[in-house]
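To keep things clear, I will list the structure first and then write my remarks on it.
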Amino acid sequence: MDLIGSVGLFGLSTLWNNRPKSFVYDIGLRLVLIGNLVVFLSGLADYIGIGVHHHLPYFGPIQTAGVFLGEAMIAAGFLLMFPWSQQPQ
């Protein structure tokens, strides 16, 4: 997992303090983790053998779309993990 994602997960989990985490938080956490996986697989597709260009590492438009999709998933997950309506105790 990348450094920004790790720090973001740690930072958002500390905002909840000792309160129980909601169902939406769990969905956001899973969305962030899946987004990191999508970014990793899209970025290194040629090197791990799932890319189209096996003879030459080439970062193409499909890989770019995969990285953008993964980053959008991470951003949406962070928004879901934020305690919007929870009142501090």
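The values are calculated or read from the model by the stated rules, or taken from the named source; none is laboratory data. This one's a predicted model, so the numbers in the text were calculated from it and none came from an experiment. Don't worry about glycine lacking a Cβ; one is built from the backbone with ideal geometry, like all the others, and counts go over all protein chains shown.
Any idea which of PHE10, PHE23, PHE78 is among the aromatic types (Phe, Trp, Tyr) and surrounded by 15 or more Cβ atoms within 10 Å (Cβ to Cβ)?
Result of the check over PHE10, PHE23, PHE78: PHE78.
With the requirement that a residue be part of a helix (DSSP H, G or I) and of a type in the set (Ser, Thr, Tyr), what does segment 3-53 give you?
Within segment 3-53, SER6, SER13, THR14, TYR25, SER42, TYR47 qualify.
If I go through segment 40-83 residue by residue, how many of them are modelled with pLDDT under 75 and either closer than 28 Å to LEU12 by Cα or among the aliphatic types (A, V, I, L, M) (or both)?
So the count comes out to 2.
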